[in-house]
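K.L.:
Once you've had a glance at the structure underneath, I'll fire off some questions.
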Amino acid sequence: MYTHLPDKQTLENLQAAFIQTLDAAQTPEAITQIRNDFLGRKDGKLTKILRQLKTLPEAERKAIGMQANAMKKTFEDALQEKLDQLGKKTVQKVWIDVTAPGKKPNIGRLHPISSMIQHIRRIFEQLNFDITNGPEIEDDYYNFSALNFQKEHPARDMHETFFLPRKHVLRTHTTATDIHYLETRKPPIRMVTIGKTYRRDADLTHTPMFHQFDGLMIDEHISMAHLKGLLHIVMERLLEARLEVRFRISYFPFVEPGAEFDVTCTLCRGEGCVTCKGTGWLEMGGCGMLHPNVLKNAKIDSEKYQALAFGFGIERPLMIKHKVSDLRIFFENDIRFLKQFDL
Ligand SMILES: [Zn+2]
């Protein structure tokens, strides 16, 4: 079989072919193809020639070998140079359309409930209240007994309690924190607890975990009038509306007298609508004068001091303010819903 052995001319022809194809190449892919064609490990045209060197007569082997190896280096350098040129061209081709609308960065924001909590904090800080929070797991004493819930009293059933081992409960109201607070302080006291509470309850307007704020103001000569005035200010700032307010007589074991606190329906301005069930009033929460038994449990002289007390849900004013009818949607964490609150 005739085998054409490489000579000077073969190499020159190969170099000419290489230069021609490289000049025509316009993409990085084409460069890769040329590298394979000429320098590919198995079938590259120059690789084959280099492989044949050992079959040459010794006199030619050295000269042709030197030339072929120099060409390999030249090819590699030329390929790289061309690749660099193409890269620069691609970069130059990128241009900016200054008239295109900008991309809005996705900026995080507070959850509407966190934002509402901050709002409530600010209101009470301005009124010189101390803001606090306590444990979410309580024992029977702090959640019930110290707050004048007698053993076997039906009032305990009003709270759909989550019971835990060893007579512990998930706190059913933030009022449980009040006794902890009072144990270490002396009147005059202005305090508000803000935090999570838990009850076995789930429907449109109830979730098993929800938030409350709950406060006390203890001093000499405190009365229901102070309570009404304070809550009026707080609710107007909270709902950001002018409101009428009213007490309705009610019962909570830890207050005497006890009342429900209502405000004008902000949706119908008192005309009557679905949210206020046609009454023109919205129930906001419970309040009253702290029961002397509770003051006694906190070792505060109930002859000398009186205490006003109030407790409100945080989700309810939030729902009213933003006209949301289903509470559960706040806890589904659907970004499409949550990002609508520009609070
Ligand atoms: Zn209404």
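The values are calculated or read from the model by the stated rules, or taken from the named source; none is laboratory data. What you see is a predicted model; the values in this text were computed from it and never measured. Note that we place each Cβ from the backbone using ideal geometry, even for glycine, and neighbour counts take in every protein chain shown. Please note that ligands, DNA and RNA were not included when accessible areas were found on the heavy atoms of the full protein model with its side chains. Shrake-Rupley method; radii C 1.70, N 1.55, O 1.52, S 1.80 Å.
K.L.:
Tell me whether the range 122-129 contains one or more residues that are surrounded by 11 or more Cβ atoms within 10 Å (Cβ to Cβ), assigned by TED's automatic domain parsing to the domain that holds MET191, at negative phi and not in a helix (DSSP H, G or I).
P.N.:
yes
K.L.:
Let me ask something else. Quick test for you: out of ASP43, ASP23, pick the one residue that is at pLDDT 85 or above, open to solvent by 80 Å² or more (accessible area, probe 1.4 Å) and not in a helix (DSSP H, G or I). Working first, answer last.
P.N.:
Working: ASP23 fails: not in a helix (DSSP H, G or I).
When all the criteria are applied, what remains is ASP43.
K.L.:
From the list ARG237, ARG185, ARG166, pick out the single residue that is on the phi > 0 side of the Ramachandran plot and either touching a residue at least 24 places away in the same chain (Cβ under 8 Å) or not in a strand (DSSP E or B) (or both).
P.N.:
From the options ARG237, ARG185, ARG166, the qualifying one is ARG166.
K.L.:
Now for a different question. Just for the range 261-294: of the residues that are touching a residue at least 40 places away in the same chain (Cβ under 8 Å) and of a type in the set (A, V, I, L, M), which one is nearest to the ligand (Cβ to nearest atom)?
P.N.:
LEU267
K.L.:
Next question. If we scan the range 103-120, do we find a residue that is open to solvent by less than 60 Å² (accessible area, probe 1.4 Å) and outside any helix (DSSP H, G or I)?
P.N.:
Scanning the range 103-120 turns up at least one residue that is open to solvent by less than 60 Å² (accessible area, probe 1.4 Å) and outside any helix (DSSP H, G or I).
K.L.:
Let me ask something additional. Taking the range 225-244 as the region of interest, how many residues are open to solvent by less than 50 Å² (accessible area, probe 1.4 Å) and over 13 Å from PHE124 (Cα atoms)?
P.N.:
Let us first name the residues in the range 225-244 that are open to solvent by less than 50 Å² (accessible area, probe 1.4 Å), namely 227, 229-231, 234-236, 238-239, 241, 243.
Next, only the ones that are over 13 Å from PHE124 (Cα atoms) stay: 227, 229, 239, 241, 243.
Selection size over the range 225-244: 5.
K.L.:
Next question, about the same structure. Can you pull out the residues in the range 222-246 that are away from the ligand (no atom under 16 Å from the Cβ) and closer than 14 Å to PHE312 by Cβ?
P.N.:
LEU227, LEU230, LEU231, HIS232, ILE233, VAL234, GLU236, ARG237, LEU238
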